[in-house]
Amino acid sequence: MKIQNEFEAVSEFLTKSDSASTCRLLAPHLAQPSRWPEFLMGQAEQPVRVLLIDDDPHMSRVIAHELLGDLRINLLGQGRSVREGRRLISEHEFDVMLVDLNLGDGTGFELIERMKIGRPLAEAVVISAMEDEQHALHAFELGATGYLVKNSWFGNFPQAVLQVVNGGASITPNLARRLLSKFEHSQASGQTLRENKGKDKLSEREKEVLKWVASGYTSTAIGARLCISGQTVNTHIKNIYRKLNVRNRAQAVSFATNQGLFK
């Protein structure tokens, strides 16, 4: 009963405050991390620096509560929009960004792409209510190394942060299983597509986009060079993936080069 009362008091306090600095005062009273090897990133004296971008106030409080209860993690700042996310990315040196996909003024995809340009060594973990393969694959194509589904029993935000910052990946198990199934299906049909590669050739515009992708340019940068929107570029890239039966930019470039599609 005493533990329950203390937990309810903490929850009520967090509900009334969105301030990371205020929540930090509660950290000594929350669950402490288990033994952690010294050779891994994320130590109490040098915690992993994290940004949290989510426009759902309740979910933000839940995630912040977990992060602030782990001394291996330092929550530097929180935002609720793409605009605030851009500001946080430019203002802070950080290691991991937790980002929702649906934000009021745009998408988390924009922030992942921006983060990879401005902070290329940082990791991105998606936190989303959308549990579908296409959103996950697109996030991974942009450079994310984690995808957690909100309200999943398997959600553990501190663990996800520590996994990706130490070279791993973090994906909600149910989604990971579906992605594996999709990958197996793609492998089975890949040989058939290669044998009939002449039936569905890339358009000249798609080849042009793929050449810029091969040069390392982002969708936004490619759009600026071709005088089209970044969204249009992403549409071309999706069509390229479909025609070549590949899953990411690196595979598309490799396949196109091997098949002489740039000639």
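Derivation of every value follows stated rules applied to the coordinates shown; laboratory data play no part. As the structure is a computational prediction, the values presented were derived from the model and not from experiment. A quick note on method: Cβ atoms are made from the backbone with ideal geometry, for glycine too, and the neighbour counts reach across all protein chains shown.
Compute the distance in nm between two label points, each set 7 Å from the Cα along the Cα-to-Cβ direction, one at residue 207 and one at residue 134.
In this crude label model, residue 207 to residue 134 measures out at 2.8 nm.
Roughly what % of Cα-Cα distances in region 195-258 sit above 13 Å, to the whole percent?
Values: 1174 of 2016 pairs.
Counting every Cα pair in region 195-258, those more than 13 Å apart make up 58 percent.
How far apart, in nm, are the 7 Å Cα→Cβ label points at residue 43 and residue 215?
The modelled label-to-label distance comes out at 4.4 nm.
Rg and Dmax of region 94-150, Cα atoms, in Å?
That works out to 10.3, 28 Å for Rg and Dmax.
What pairs in 201/238; 211/243; 207/243; 150/238 have C-alpha atoms more than 20 Å from each other? Intermediate values should be presented prior to the final figure.
Numbers: 201/238 14 Å; 211/243 16 Å; 207/243 12 Å; 150/238 26 Å.
Going by Cα-Cα distance, 150/238 fall outside the 20 Å limit.
Note the full-extension length gain between residue 258 and residue 83 as 0.36 nm times their separation in residues minus their Cα-Cα distance, in nm to one decimal.
On the way: separation 175, 0.36 × 175 = 63.00 nm, distance 4.09 nm.
Gain on stretching residue 258 to residue 83: 58.9 nm.
In what order do 210, 40, 98 fall by count of nearby beta-carbon atoms within 10 Å, going from fewest to most?
Result, fewest neighbours first: 40, 210, 98.
Out of residues 5 or more away from residue 79 or on other chains, whose amide H comes under 5 Å of its own, with H placed 1.01 Å from N in the peptide plane?
52, 53, 54
Add +1 for every Lys or Arg and -1 for every Asp or Glu among the other residues with Cβ under 12 Å from the Cβ of residue 36, and state the total. Present the calculation step by step, with values, prior to reporting the outcome.
Values: positive: 35, 72; negative: 38, 45, 70.
Net charge around residue 36: -1.
Around residue 73, which amide H atoms from residues at least 5 apart in sequence, or from another chain, sit under 5 Å from its own amide H, with H modelled in the peptide plane?
48
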